[in-house]
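Heads up: the structure comes next, in structure tokens.
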Amino acid sequence: MHSLAKLGVVLIATGLSTAGTLPAAAATYTKIQVRHANGTHVSLINNVGQVAGQVDDFEGPAFIRTPEGKVIRFAVDGAFVTIPRGLTDAGAVGGRYDLPDDSIHGFLRDESGTLTAFDGPGLGAAEIAGMNAGSDIAGTYFIDENQNLGGFIRHADGTLTLFRIDDAYPASLYVTGINRKGVVAGYYIDTNFVSHGFLRKADGLIVTFDLPDGNGITVAAVNDRGWLTGFDFSGGLAHGYVWKRNGSFETFDAPGAFIAITAINNNGDVTGCYAKNFHNYGFIRKAGGKVIGFGLPWGESENMCAQSINNAGQVAGYVHYGSFGEDAVGFIRTP
């Protein structure tokens, strides 16, 4: 099966320092459960408070939920799973869908609810990474049977723009997002097996970058200002970082062992999740440098993660309470 884990969510299990962290601040929590579903996995929140995700334990249709609580389910015809990867403030959703033959494809559901299926070039879409406000969708694709990955942008008018990085090792270029200006972000592994970040600007220029330690980085997300976040591997540990458009950067640690860094909003606030004492928690790393860890008021879990953060600082994600990963519940944390 040509399948990749959600790009930008890098699994790490290592202890980190807790310097600069704060206890969980006061917030309200909204539980999200789609009726008659085996599970509710929230993965996206936009700036008007709509969320999108999947139901039925990652093997079913997608949904959008309005701030008032109205839920709309949708799926591409014939797909056994429909996965949102981007949600605009107008309510358009872009993502991927998988067919029973294990093939992977892309879709755009516009503001009116019209679904359009599409394929990437070559052997199709290996992954859809994200969508910007103009409904441009970015992802990676298989060029040939050797699984050499390239990047693509599927523009709102249906045309495709393709790109590659010559120094990338086969099957090691990962697109992780696209911003309002059409800047595509991601990372790649070179032929010496060192990972580097990249930005592909709207004019086609590709800029690669590293942090000064040179031990390798991943890129999890990009905001509309061109700021990036992800993991920096230095000193034998994984640290979070925020890289700004002027080339300056800041590193940070979670209050426990990082699990994932998932999103950055236009203020520079970062979210994700970490593990501590055999339970998972969410975190918000504020643009000023403070890190806030938080749990959910419905009980601790071994499987919980914040997935998205909007410009108001609302965080959305999901938690599993069942012993085998079932009973998923979505949440919105409002500061």
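The values are calculated or read from the model by the stated rules, or taken from the named source; none is laboratory data. Predicted model only: the values in this text are computed from it and were never measured. Because the Cβ atoms are built from the backbone with ideal geometry, glycine has one as well, and the counts that use them run over all protein chains shown. These accessible areas exclude ligands, DNA and RNA; they are computed on the full protein's heavy atoms, side chains included. Shrake-Rupley method; radii C 1.70, N 1.55, O 1.52, S 1.80 Å.
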Task: the stretch 138-183: number of residues that are open to solvent by 10 Å² or more (accessible area, probe 1.4 Å), part of a loop (DSSP other than H, G, I, E, B) and in contact (Cβ under 8 Å) with a residue 12 or more places away in the chain - done: 16
Open item on the list: For the stretch 72-118: of the residues being out of contact with any His (no Cβ under 7 Å at 6 or more places or on another chain) and among the basic types (Lys, Arg), which is surrounded by the fewest Cβ atoms within 10 Å (Cβ to Cβ)?
Closed with: Arg73
- [ ] Confirm whether Thr116 is polar (S, T, N, Q), in a strand (DSSP E or B) and more than 23 Å from Leu44 (Cβ to Cβ).
- [x] no
Open item on the list: Just to verify a result, which residue in the stretch 119-137, among those that are without any contact (Cβ under 8 Å) to a residue 40 or more places away in the chain and assigned to a loop (DSSP other than H, G, I, E, B), is surrounded by the most Cβ atoms within 10 Å (Cβ to Cβ)?
Closed with: Gly122
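One line per residue, one yes/no per condition, for (1) over 25 Å from Gly94 (Cα atoms); (2) not hydrophobic (A, V, I, L, M, F, W, C):
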| residue | (1), (2) |
| --- | --- |
| Gly151 | no, yes |
| Leu160 | no, no |
| Leu199 | no, no |
| Phe233 | yes, no |
| Ala238 | yes, no |
- [ ] Test Phe163 against the criterion of being closer than 19 Å to Val81 by Cα, within 21 Å of the chain's Cα centre (by Cα) and of a type in the set (Phe, Trp, Tyr), and give yes or no.
- [x] no
Task: Top-ranked residue of the stretch 296-305 - restricted to ones that are open to solvent by less than 30 Å² (accessible area, probe 1.4 Å) and in contact with a His (Cβ under 9 Å, 6 or more places away or on another chain), ranked as nearest to Asn265 (Cα to Cα) - done: Met304
Open item on the list: Among the residues in the stretch 230-237, are any open to solvent by 40 Å² or more (accessible area, probe 1.4 Å), free of Cβ contacts under 8 Å to residues at least 60 places away in the same chain and either in contact with a strand residue (DSSP E or B) (Cβ under 6 Å, 6 or more places away or on another chain) or not in a loop (DSSP other than H, G, I, E, B) (or both)?
Closed with: yes
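For every residue, the table says whether it meets (1) within 21 Å of Ile178 (Cβ to Cβ); (2) part of a strand (DSSP E or B); (3) touching a Ser or Thr at 6+ places or on another chain (Cβ under 9 Å).
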residue	(1), (2), (3)
Thr271	yes, yes, yes
Tyr274	no, yes, no
Gly282	no, yes, yes
Gly289	no, no, no
Gly299	no, no, no
Met304	no, yes, no
Ser308	yes, yes, yes
Gly313	no, no, yes
Open item on the list: Residues that are touching a residue at least 40 places away in the same chain (Cβ under 8 Å), crowded, with 17+ Cβ neighbours inside 10 Å and within 16 Å of the chain's Cα centre (by Cα): does the stretch 198-217 have at least one?
Closed with: no
